[in-house]
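Okay, handing you the structure first.
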Amino acid sequence: MKFTTTLLCCFLTTLALVAQAQVPKKSEKNATDNTISLLMRLQIESMATTKGLSQEFINSQKKVDSAFNAVVKEYHNDSLFVSHLTESQRLWKLLRDSDIKAIYPNESPNYYGQINMDCIYKLLIKNNTERFAFINQWLKGTQEGDVCAGSIKFK
């Protein structure tokens, strides 16, 4: 919600600046129109990129959650493992979110620039991809004879 509000504020601020601009002389009109057009196009492209990354993050999170739930279902008879995996998942989410706060400690909108949300989403997607690979090893299984398999079932 905070992200959407920030984008909306940036877009509305751009529109307000355009509306408040004095009417230029006829010779300056084309240059001003081109600048306004460019600013609006960049703002819209930035919002579209961020929206695309936002959706990619949501999809990657669903993928992690789905894999986690599948592992819990497949290993439901091993309550100790399920308990530890559940705790691991909870702590991983805290670590992931804390890492974002460490990299971007100032939560003021646009403090790190307009592209900041794109950077955050890319980092979240990267973390989710790595977590999916970690969780998915319980679904894929491991080779018979792997002495380090631990709780991972053999194929």
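The values are calculated or read from the model by the stated rules, or taken from the named source; none is laboratory data. Since this is a predicted model, take the numbers as computed values, not measurements. Methodologically, a virtual Cβ is constructed for each residue, glycine included, from the backbone with ideal geometry; neighbour enumeration extends over all protein chains shown.
So, ASN30, is that one closer than 30 Å to GLN137 by Cβ, more than 23 Å from the chain's Cα centre (by Cα), among the polar types (S, T, N, Q) and at pLDDT 55 or above or not?
Against the criterion (closer than 30 Å to GLN137 by Cβ, more than 23 Å from the chain's Cα centre (by Cα), among the polar types (S, T, N, Q) and at pLDDT 55 or above), ASN30 does not qualify.
Quick check, is GLU107 in contact with a Phe, Trp or Tyr (Cβ under 6 Å, 6 or more places away or on another chain) and more than 25 Å from LYS63 (Cβ to Cβ)?
No: the conditions fail for GLU107.
Sticking with this one: Which of the residues spanning region 62-85 are of a type in the set (Phe, Trp, Tyr) and in contact with a helix residue (DSSP H, G or I) (Cβ under 7 Å, 6 or more places away or on another chain)?
Scanning region 62-85 gives PHE68, TYR75.
Hey, another quick one. Can you name the residue in region 91-130 that is assigned to a helix (DSSP H, G or I) and aromatic (Phe, Trp, Tyr) and is also nearest to GLN55 (Cα to Cα) among such residues?
TYR121
Residue check: is SER79 over 28 Å from THR50 (Cβ atoms) and in contact with a His (Cβ under 9 Å, 6 or more places away or on another chain)?
So SER79 does not fit the description; no.
When you check ALA67 against the structure, is it modelled with pLDDT of 95 or more, surrounded by 14 or more Cβ atoms within 10 Å (Cβ to Cβ) and not in a helix (DSSP H, G or I), yes or no?
no
Going through region 75-89 one residue at a time, which ones are exposed (fewer than 10 other Cβ atoms within 10 Å of the Cβ) and either part of a helix (DSSP H, G or I) or among the β-branched types (Val, Ile, Thr) (or both)?
SER79, LEU80
Identify, please: which residue in region 59-85 is free of Cβ contacts under 8 Å to residues at least 24 places away in the same chain and among the basic types (Lys, Arg) and is, among those, farthest from LYS126 (Cα to Cα)?
It comes out as LYS73.
Another one. Being surrounded by fewer than 11 Cβ atoms within 10 Å (Cβ to Cβ) and without any contact (Cβ under 8 Å) to a residue 12 or more places away in the chain is the filter here, so list the residues in region 108-148 that pass it.
Within region 108-148, SER108, TYR111, GLY113, GLU144, GLY145, VAL147, CYS148 meet the criteria.
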